[in-house]
Each structure stands twice: as C-alpha cells, then as structure tokens.
Amino acid sequence: MFEDKVLKKIKADKEKWERGPLAKSLSKSPEAKPVFTTISGAPVERLYTPLDVDDVDYDRDLGYPGTFPFTRGVQPTMYRGRYWTMRQYAGFGDAKSTNERYRYLLEQGQTGLSVAFHLPTQAGYDSDHPLSMGEVGKVGVAIDHIDDMRVLFDRIPLDKVTTSMTMNAPASVLLAMYLAIAKEQEVPWEKVGGTVQNDVLKEIICRGQYIYPPRHSMRLTVDLIEFCQKYVPKWNSISISGYHIREAGSTAAQEMAFTIADGIAYTQACIERGMDVDSFAPRLSFFFNAFTNVLEEVAKFRAGRRYWAKVMLDRFKAKDPRSMMLRFHVQTGGVTLTAQQPLNNIIRVALQTYATALGGAQSLHTNSYDEALCLPTQQAVTVALRTQQIVAEESGATDTIDPLAGSYYVESMTDRIEAEVDEYIKKIDAMGGTLAAIEQGFIQKEIQNSAYRFQKEIESGERVYVGINKYTMEEPPPSGLLKVDMSVGQKKAAELAEYRARRDQAKWKAALDKLREVSSTDENVMPYVIEAVTAKATVGEICDVWRDIFGEYRPKEYV
Amino acid sequence: MARKIKMIMAKPGLDGHDRGAKLLARICAEAGMEVVYTGLRQTPEMIVAAAEQEDADVVGLSSLSGVHNYFFPRVVELMKQKGMEDVLLVGGGIIPEEDYDFLKKSGMGAIFGPGTPTTEIVEFIQANVRQR
Amino acid sequence: MSVDYAAQILEGSHRAAARLISWLEDEDERAYECMRKLYPHTGRAYVVGITGSPGAGKSTLTTALTRVIRKSGLKVGIIAVDPSSPFTGGALLGDRVRMSELADDPDIYIRSMATRGFLGGMAKAAADVVRVLDALGKDVIVIETVGVGQDEVDIVGVADTTCVVMVPGLGDAIQSMKAGIMEIADVFVINKADHPGSDMLCAEICARLDMDAQLRERGWVAPVNKTVAVEGVGLDEMWLSIESHRKYLLDSGRFYDNRRERISREALRMIHGELFRVVREQLEQNGRLDAAVEQLMNRKLDPYTLMRDIVTDWLSSSQCKRRRDEDTQS
Ligand code: B12
Ligand SMILES: Nc1nc2c(ncn2[C@@H]2O[C@H](COP(=O)(O)OP(=O)(O)OP(=O)(O)O)[C@@H](O)[C@H]2O)c(=O)[nH]1
Ligand SMILES: [Mg+2]
C-alpha cells in the first residue's frame, strides 16, 4: 500500500517514538496489562501503522464493492441503495400467536420475517409425539402441517415479504409447506423470496437438531438446493451458518473458518450431484454472528468475503461473480448478553448492530435485552428493532461503503483472520474434508476449547464482563417474563387428532407411499414432499418415512 | 483408592443447548469427579437408568428450552420410585428465578442460572454430595 | 452390612450391582464379602472385547452389536472404559453418549469406568466387574477399551473373544500390524467401510494373516468383517464371527484352557496385590521402610538382602500368623 521509501521512514520514526515518548510514558506508568487481546483471544498491538499493512495490495486485496474479491461489499451501492433487511427471529406458542407477533413487527417497520420453530418440528416430531411432551410451542412456533402454516402467514403477502426459516433436517418439508401456501396466495414461485437454513453439518457440530445420518441428510440438502435452482430462483436454498458455531464458543476466526469449511462441503456435494457451480452458488447464503468487539467483527466479515470469493474462483472455478459473493445474515451475539442488569444488553446490541452495519451484512436480527431470561417480550423486541433503525438512520454508518477500509488495524486484522481461516481450511482438507473433520471431532473440540478458555478468562477476572465479574450489584428477580403455558401442547394434540381424521385418507396414503418409494431412489424428493404436505401429511409423518429408510443418527458428542 | 464423586450430566428433552453442560462436565472432571456425559435428547427414564447403572452421586440437569418444570420433577419422581433419594440433583440453564422454589420443593438440591461461576457449582456439589 | 447386595445382584438388581462396582473401583473392603458370595455364580457369561484406536467407532459398534445380540434375547452387560486425567484424577466418560438408545432396556446394563491410572487400556477392576455383571445375569458382556495404541492389550486377559477395530484411510494399518494388536485379534472389524480404502485395508490384513498361517499352524484364523457402525451395517456378520470363534474355542477345548490360565493368572495377581498391600502397610507403619531407604541410599544395605529379610521376617511374624488364624476361623 505504501512505497518502500515511505515505509522505511515510518519504521525509523516508529522506533524513535518507541525509544522516546513511548518508553518515557511506560516508565512513568505501565499499561494496564501485559498483553491485550480481542474477545477471541487474538493479540492486539499497541499501535498499527502502514508497516502492518505493507503487503496489502489495494486492487488485489480490496478492490471495489460489488467486484472481486468483494472485500468491501457485495453490492456497488450497499446501504445507500437499501438498508439491510431487518428480520427479527420470532416464534412461540401456536401459529396464531406468532402470526400476531409478525404483523406487529411488520407494522413497526421490520422488513422481513424469520420463523423460529419449536423444537419438535425441528426434530421432525409432531406435537403429539411422546418426545414432544412439555416442549410444544415453548421456544418456537408449533407447526405440524399445512393448515398451521396457513395461519402463520395469514394476511401476510408472500410476494411482498421475504421469509427466513430456521429449519434444517426437515427443511424440505417446511419449504414445501411455504411453497404450497404461496400457490394458494397465487404468488408464482419465481416471485417467492426467502431463505431456509438447510445446514445439517452445523447441526452435528453445535446445534443438535439432526435426524438422519450425514450422507442421507446431505442428499436431502442437495435435493432442496437443486429443486430451488430450477423452480424457485429467488430462494436462498441454504444458509450456511457460523452463528451457532460462535454461540457454542468459537472465536471469530474459527466461526468464519468452519462455516467456510461447511460451505465447501455443500458446494462439493452439489457439484457431485452434477450441477454446474454457477447454477446454484449464487443462491448459497451465509449466516454469522456479531459480538461486541466492533473492529474484530468488521475484520471477520471482510476476511470472509475475500476468502470465499477466492475459494469459489480457485477451488470451484466459478465464472459468475455472483457465485463468489458471500452474502450473509447476521444475528447479534446472544451469548454476550447477561441475565444480570439486563438493560445493559441494549448497549451491547447497539455496538453489535454497528459492527454489522460497518461489516456490510444483507440482513440482521438484533437480540432483545431479555435474551438471557426468556423469549423476547414485545417491549424488548421493539427496542431491539429500534436499535437497528437508529443505527441505520442516525449513526451515519450507512452513508458510505466499508468505512473502516484503510484502517491499519482493521486491514491488518482482516489479513490475520483470513490467514487463520486459510490455515484451518488446509488442516481440514488434510483430514479428508469437512465431514471427516466433524467425524473425528476436530471442529467440535476446537470450539469447545475456545468456550472453555473464555469461561476461564471470565472466572479469573482476566477478561472483564460487566455485571458478571465487575460492576456487579444486587437486583430484584426479573418480572414480566414471556411465558408459554402447557395448554398449547394439549390444544395441539387434540387438534392434530382431528386433522388426521378429517383428511382424505386415500390421497394422504398415496402421497406418503410415493414419497417412500422415491426416497429410496436417486430421484429428487422435493416434488413428492410438496405433494405429501398438500395431501395433509404432517411433519412427523414425512420425517418418519425417512427415519425408516435412512435410519436415525446420533453423532458423537465431544466434551 | 480415593473415592471419586460420580456425576451424570444430562440434557433432558429436545434441547440442543449444550455449551454450559459440556463446560460444566469438563470443569467437574477437572475438579476430580468422574463425569458421565449422557449427550442430548434424554428422557427422564434414560437419565434415571444412567444414574442407577453408574451409581451416580450427583445428577446434573441442564435445560435452556423452558421445559424444566416438566422434566426436572419427573426425574426426581422416578428417582424416588427407585429409592435413590440420596442422590444429589442439581440443575441449571435458563430458568426463571420464580420457578426455583417450585423446583426445590419438588426435590432439586439447587438451581444455578446464567453467569454463575463454575467454581460455585463445584463447591456446592462437593459440600452436599452423599457418602457411599 | 445391612443390605445383602450379593443376594440382590443374584436377583438382577442393577442398583445393587452398581453400588458393588463402585466399591470395587474404590477398592473398598466392603466389596470383597460380596464378591466371595457371588463367585460361585460366575463364569457363565461370554465376554467380548472391543478394542482399537481412538475414534475407530468402538462405542458405535458396541451399541450396534448390542442391538443385534438383544435380538436373540440374550441379556447384555457393557463396560466402557475411558481414561482418567493423570493431572486431576477426574475423568470424562463419554462412551455412554453413543449408547443412550440402549439406556432404558432393563436387560442391558451399561457401566462407564475410568482407568484411574491403570495402564493397558483397561480399568483395574474390570475383571471383577465382569464377574458382577455375570452374576447379575447378563449373558454377554461387551467391554469397550480405551482408544488404544499398541501396547495396551490387557483386554485379552479378560475377553473370550477380542475384536480389533480398524478404519480405512488412517494409514496406521501396516504399522499396527507389526505390533501386538495383530496378535490379539480373534476377529477383525474394518469399521467405517463407507470410507474409501476399506477393500485395500481388508486385503492388507488378509495378506498378513496368510503369511502368519504359513509361518505357524493355527487352529483359528481371525475373520475380517466390514461394518458401517453408524448405519448398523455388517453387525449380524460380526456377531456370527464372534459366535463361530466361541464355537471354535469350545470345540477345541481352548475355551477352558484360556479360562484356566486366566483364573490362575488372576489368582496370582490377587495374591500378589494383597501380600504387597499388607507388607507395605506394615513397613510404613513401623517405620522400617524409611530406615531401610536411608541405608540403601548410603549403600549400607543392598535391596536384594532387604527383600529377602523382609519376606522372611514377615512370614515368621505374629501378624502373619494372626491373619492365617483369622482366615481359618471365618
Ligand atoms: C448459545 C445459545 C444458543 C446456541 C447453542 C449452542 C450450544 N451448542 O450450546 C444456538 C445458537 C445453537 C442456540 C439455538 C437456539 N436457541 Co439459544 N441461546 C443461547 C444463549 C445465547 C446462551 C446460552 C449459553 O450457552 N450460555 C453460556 C453457558 C456457559 O451458560 P449456561 O448454559 O446458561 O450455563 C450456566 C448456568 O445456566 C448454569 N448451568 C447450565 N446448565 C447447568 C446444569 C447444571 C447441572 C448446573 C449445576 C448448572 C448449569 O451453569 C452455567 C455456568 O454458569 C441463550 C441466551 C443467554 N444469553 O443465555 C439462548 C437461549 C437459551 N436460546 C433460546 C432459544 C429459543 C433457542 C432456539 C430454541 C431457537 C429456535 N427456536 O430455534 C435454538 C434451538 C437450539 C436447540 N437445538 O435446541 C432461548 C430459550 C428461551 C427460553 N428458555 O425460554 C434463549 C434463552 C434466548 C432467548 N431469550 O430467546 N442458542
Ligand atoms: N462414516 C462412519 N463413521 C463412523 C462409523 N462408525 C463410527 N463412526 C463415527 O466415528 C466417530 C467415532 O465413533 P465412536 O464410536 O465414538 O468411536 P470410539 O472408538 O468409541 O472412540 P473413543 O472411545 O473416543 O476411542 C463418530 O463420529 C462416529 O459417528 C462408520 O461406520 N462410518
Ligand atoms: Mg468410545
């Protein structure tokens, strides 16, 4: 970035400064601690100068927004054209109560929807399954069948709003319901936009909602991607997620590295299916975390964009620039939020939102200040949404693109994170790829070790955590928490019995039989899943068909 | 041979939040305990069977998905049925403080919420565990 | 003793067995009274060892195999051994995670054990625990060892059939074949046969077995099974291999030879352990050990003489005589 002559002078001047003013200051009053590190444990120097970015080549490494290597952003105008999509992850109780929350949020200026399903749906069980007892509607919305889905999107036009669905092992079932509802609303599939998470690898790594052995799960994942590429072109057919990896304890660089490793595995699987990389890669999307250390997060996003672009170009020989774009959703760091002095969380989320804006995300969920207490109350979620609106409208972060580019610190940290990502990817390649690295527990153990290190730092007081190990105070127990009562489960169970009795049995049976037949072949299951949900098969029934054929999976859990 | 505290660390229900449970399992092992981690998706029956077969001194239940009031008392009840009243039950996760009383009355030894130092948990276990 | 654990175990009480096993692990005196009562009821169960390198899929295989065994109605006991930390003495016992689907079958008993500093891939009390599970009425006892290297082959001292698990693509096949692990296998299992390279590994093992067969006459050539434990594939065949090994042992008389040898070895080991314990206790109590060490340091005494003197003294000591009397009385 700088000429040699300039660098030489800076080097000399810096040494002079170190020997002179710095040494003098240090001798009078030493710094607060011997080493400074980011929350990820990465070292932070006292001062960054051009010397730290001497091998950055502007054209090669930074370039221009919307062009390779996309370090500065994926669109030429970024937020000057349109802000990120404000998309609060929400769901609780039954479809009706969640639909009300959605319409409230849209009224308040939210610009996209994001469905949080209850755990039985995520695990492929109906609400009346024995393993669903006590769980129905507790931490997400209970969706068992297409009628629930219709209620969920009641009075919400699917051509006007995009929807993200956090659904993984049974992703195709829920997407099928969504597409069926779009059809009912007479919205053509070409116009339907949104995302389905469909990322089973990270379920095995750190989220726990797996059902089938990896090989079969990957097949379902690829079926969905292939189907969308043909029939739902605006749909993001996967959201390759680092968010959960970070929440489970990883560092920023590990979050990026392991997510990209997963991305490589999915891309590889699609190519092995016979798809051309440029036919599906533009619809691969990503999902990351934003912690409170603003500058490290910005560097992470920039490093990720640059690295992914190179992966797609070099490894997969993509030609379409859109295949090389790391487009991503962000959720602010839930695990950074405390149960103690919960209002402090508003400040943390504001900083994390700022990091996301400076980092160039495409959409964002902001956590509520009651994150560590319960599902968000209406008041808390409103503040969270307003936080996004304030950062977008008032902070100025959105006025210019990638405003931190050229900061010696941020550029140098971008390089460092990219190098660390590269090192991990090489290691994972050497192990035989992502799936092998997961099977050997490598990725899980790396995450666990980081989580452990972080906990030790907090408990030793080495890292300050406001309200936890410093500035603590006595507080009355929190009140007014959001609660979902057990009656939802009873209601759902009764309603399911009726639903099953009422449907056209012959049609229902034929659709499930057909699905069973096709699932044991190589044919894409998606069209048959759509038929099955339309014939009123439930999530649990469809997942059971696959349980019979694929078997159930219990990954090794590394401690 | 010195006696070791044997602990079961379990995740009842469909909850996938295991960061805290794994962390605690590791830290209790470092404190000299022998910790059996059951993994995710345990039914109360599975947890109690494990506690019985392993002759656990402590059973830890971690729940962050709002199902504590359903699962914890069921585990306690099954333990009672098997005459395992002397086993210390501890729990933690996202549990509203207003539920603590109910859970303790139903037989939980203690409940720990987010932000609790793990040393506090280890000390509690060491101080309250049974003799065999 | 207020509760008769032995009687309860003979009636099938998991809880009683669990407590007795804890005592055995702790070397708690209370265990031995029970063990004496149980001994006549042991020797019936068939013991299968599963060993192999870390992460080879031993726990997954154990689980899948147990499912197959249960189909024939046999009751199963599982002992899963994991290492203790040499630094903290604690242990993380993670094998059970894979087995949780078996957890609420009342005819399966699973026990996780830590090595507590014992080398060889096993827990010290494992042989005793086998007897407890045997007395508990388990027909087959499956022992999963610690993920082992090459020297940790203690499993053969306990198992009737030892299964060695290998996986393709690790490149350690040839390595380990040179070492002891080849020798101890009664059955080879190539797990993760869904990974590339399983045919090659199979060929390598077979070639090595052929070579062995030419070198010396063997009544039993270890069969090589391929499995995909995560998907439950190949487990019926693995169980058949184990059963045919069992049949071979019984038909050839090796079964009883092995057991006789094992019992003799174990008896000696126990005698050794107990003698050592009481002698050491006495030496520590009367201060003779410290004094002797001092003399050894100064070369005033040599350890050979010390050993002879101590043993002679002990044998003629009143303490020794008292123990003898006590034992004849009881
Ligand atoms: C990390 C996290 C995740 C990660 C989990 C990663 C992982 N592998 O663990 C990810 C991103 C995957 C995730 C997903 C979800 N999450 Co979440 N998550 C959190 C979060 C932010 C932090 C939890 C955490 O790990 N903290 C750090 C650890 C160290 O602390 P801890 O577990 O609390 O443990 C401490 C104590 O509680 C106690 N403790 C805990 N367990 C035990 C056990 C014993 C025996 C003892 C003695 C003590 C003890 O000691 C520990 C040390 O202090 C919380 C909110 C928060 N800030 O707490 C939400 C939260 C728990 N999640 C929530 C929800 C709803 C979900 C989802 C269900 C959403 C959805 N519908 O899909 C999903 C699904 C997860 C699943 N598969 O089940 C809700 C639960 C709401 C409720 N209970 O009412 C919360 C509270 C957020 C919110 N307000 O909405 N989540
Ligand atoms: N692909 C594949 N993976 C398998 C197979 N069997 C086991 N695994 C995976 O291999 C990993 C290790 O399995 P475990 O059964 O825990 O192995 P282990 O030998 O018991 O491991 P330790 O007890 O830690 O030594 C897990 O990720 C399993 O899911 C198989 O047949 N194929
Ligand atoms: Mg194992």
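The values are calculated or read from the model by the stated rules, or taken from the named source; none is laboratory data. Quick caveat, the model's predicted, so the values are computed rather than measured. Positions of Cβ are generated from backbone atoms using ideal geometry, with glycine treated the same way; all protein chains shown enter the neighbour counts. Please note that ligands, DNA and RNA were not included when accessible areas were found on the heavy atoms of the full protein model with its side chains. Shrake-Rupley method; radii C 1.70, N 1.55, O 1.52, S 1.80 Å.
In the stretch A:462-478, comparing the full protein assembly with the chain on its own, the residues that lose 20 Å² or more of accessible surface at a 1.4 Å probe are A:468, A:477, A:478. The longest stretch of chain C left intact once loop-based trypsin sites (Lys or Arg not before Pro) with at most 13 other Cβ atoms within 10 Å are removed from consideration, loops following DSSP, is C:45-215.
The helix-only estimate of mean residue ellipticity at 222 nm for chain A, built from DSSP H runs of length n ≥ 4 each weighted as -39500 (n - 2.57), is -14500 deg cm²/dmol after division by the residue total. In the protein assembly as shown, taking the dipole from charged Cβ atoms about the Cα centre, the farthest positive-side position among C:137, C:252, B:66 is held by B:66. Structure shown: which of A:191/A:491; A:96/A:514; A:5/A:319; B:22/C:192; A:230/A:509 lie over 30 Å apart, alpha-carbon to alpha-carbon? Among A:191/A:491; A:96/A:514; A:5/A:319; B:22/C:192; A:230/A:509, the Cα-Cα distance tops 30 Å for A:191/A:491; A:96/A:514; A:5/A:319. On a per residue basis, the protein assembly as shown carries 42 Å² of accessible surface, using protein heavy atoms and a 1.4 Å probe.
For chain C, the 222 nm mean residue ellipticity estimated from helices alone, with every DSSP H stretch of n ≥ 4 adding -39500 (n - 2.57) and the total spread over all residues, rounds to -16000 deg cm²/dmol. Enclosing the Cα atoms of the stretch A:375-436 in their convex hull gives a volume equal to 148 cubic angstrom per residue. Sites listed here are trypsin sites (Lys or Arg not before Pro) in the stretch B:51-107 whose DSSP assignment is loop and whose Cβ has at most 16 other Cβ atoms within 10 Å: B:82.
Using Cα-only point scatterers and the Debye equation, what is log10 of I(q)/I(0) for the stretch A:434-541 at each q in 0.13, 0.19 Å⁻¹, rounded to two decimals? The Debye formula, applied to the Cα set alone, gives -0.84, -0.99. Farthest towards the positive end of the charge dipole of the stretch C:263-329, among the residues C:318, C:264, C:297, is the Cα of C:264, using unit charges on the Cβ of Lys, Arg, Asp and Glu. Within the stretch B:49-132, the GluC sites (Glu not before Pro) that combine a DSSP coil assignment with at most 11 other C-beta atoms in a 10 angstrom radius are B:85.
So how tilted is helix A:4-17 from the main axis of chain A? Cα-based, degrees 0 to 90, rounded to 10. For A:4-17 against chain A, the angle is about 70 degrees. Relative to the globular-protein estimate of 2.2 N^0.38 Å, the Cα radius of gyration of chain B stands at 0.94. Among the GluC sites (Glu not before Pro) in the stretch C:1-96, those placed in a DSSP loop whose Cβ has at most 13 other Cβ atoms within 10 Å are C:11, C:29. Taking both sides together, the accessible area buried where B meets C is about 2600 Å² for a 1.4 Å probe.
The dipole here belongs to chain A: it is taken about the Cα centre, uses +1 on the Cβ of Lys and Arg and -1 on the Cβ of Asp and Glu, and is about 600 debye.
Once the partner protein chains are put back, the stretch A:126-150 shows a loss of at least 50 square angstrom of accessible area, versus the chain by itself, at A:135 (probe 1.4 Å, ligands and nucleic acids excluded). Counting only aspartates and glutamates at least 8 places from residue B:104 when in the same chain, those with an alpha carbon closer than 16 Å to its own are B:77, B:85, B:86. Only counting protein heavy atoms at a 1.4 Å probe, give the residues of the stretch B:11-42, ordered by number, whose accessible area falls by 50 Å² or more when the other protein chains are present relative to the chain alone. Correct list: B:14, B:19, B:22, B:23, B:26, B:30, B:34, B:37, B:40, B:41.
Each 5 Å bin, from zero up to the one with the longest distance, holds this percent of the alpha carbon pairs of the stretch B:1-41: 6, 25, 30, 19, 11, 5, 3, 1.
Once the Cα atoms are used to define both axes, helix A:442-460 deviates from the longest principal axis of chain A by about 60 degrees. Remark: the stretch B:42-52, residue by residue, has Karplus-estimated 3J(HN,Hα) of 9, 8, x, 4, 5, 5, 5, 4, 4, 4, 5 Hz, where x stands for each Gly or Pro and the curve is 6.51 cos²θ - 1.76 cosθ + 1.60 at θ = phi - 60°. Take chain A and mark each of the GluC sites (Glu not before Pro) that is in a DSSP loop with at most 16 other Cβ atoms within 10 Å; the longest unmarked stretch, sites excluded, is A:187-461.
For residue A:286, the amide hydrogen comes within under 5 Å of the amide hydrogens of A:240, A:327, A:328, A:329, counting only partners 5 or more places away or on other chains and with H modelled in the peptide plane. Remark: C-alpha extents of the stretch A:4-52 on the principal axes read 35, 29, 8 Å, sorted largest to smallest. The phi-based Karplus calculation (6.51 cos²θ - 1.76 cosθ + 1.60; θ = phi - 60°) puts the 3J(HN,Hα) values of the stretch C:278-283 at 6, 5, 5, 4, 5, 4 Hz, whole numbers, x for Gly and Pro. The rule of thumb for compact globular proteins, 2.2 N^0.38 Å, goes into the C-alpha radius of gyration of the stretch C:263-329 1.29 times.
Compared with the dominant principal axis of the Cα atoms in chain C, helix C:14-26 is inclined by about 60°. Kindly provide log₁₀ I(q)/I(0) values, in the same order as q = 0.09, 0.11 Å⁻¹, from the Debye equation applied to equal alpha-carbon scatterers of chain C. Reported log10 I(q)/I(0), two decimals: -0.56, -0.79. Taking amide H as placed 1.01 Å from N in the peptide plane, the amide H of residue A:126 sits under 5 Å from that of A:540, each at least 5 places away or on another chain.
Explain nothing, just the number: dipole magnitude of the protein assembly as shown about its Cα centre with +1 on each Lys and Arg Cβ and -1 on each Asp and Glu Cβ, in debye rounded to the nearest 20. Present the calculation step by step, with values, prior to reporting the outcome.
On the way: 125 positive and 143 negative charges, 111 e Å.
The dipole of the protein assembly as shown has a size of about 540 debye.
With the alpha-carbon atoms as the only input, what is the per residue convex hull volume for the protein assembly as shown in Å³? Could the numbers behind the result be given before it?
On the way: hull volume 230.6 nm³, N = 1021.
Convex hull volume per residue, Cα atoms: 226 Å³.
So for chain A, Kirkwood radius off the Cα pairs, Stokes-Einstein at 25 °C and 0.890 mPa s: how many µm² s⁻¹?
99 µm²/s
Database remark: amide H of residue C:225 closer than 5 angstrom to the amide H of C:188, C:189, C:190 (H placed geometrically; neighbours at sequence offset of 5 or more, or on other chains; Pro and chain starts carry no H).
Taken over the alpha carbons of the stretch A:225-375 as equal point scatterers, the Debye sum produces base-10 log I(q)/I(0) values at 0.14 Å⁻¹ of -0.68.
Of the heavy-atom accessible surface of the protein assembly as shown (probe 1.4 angstrom), what whole percent is carbon and sulfur? Intermediate values should be presented prior to the final figure.
Values: 23050 of 42400 Å².
The C+S portion of the solvent-accessible surface of the protein assembly as shown is 54 percent.
Kirkwood-type hydrodynamic radius, the stretch C:49-107: 12.8 Å, calculated from all non-identical alpha-carbon pairs.
Buried surface for the C/A pair, taken as the accessible area of each chain alone minus that of the pair with a 1.4 Å probe, is close to 900 Å² in total. For the chain pair B and A, the interface hides roughly 3000 square angstrom of accessible area in total, found with a 1.4 Å probe. Karplus-based coupling profile of the stretch A:225-230, in residue order and whole Hz: 4, 5, 4, 5, 4, 7, with θ = phi - 60° in 6.51 cos²θ - 1.76 cosθ + 1.60 and x standing for Gly or Pro.
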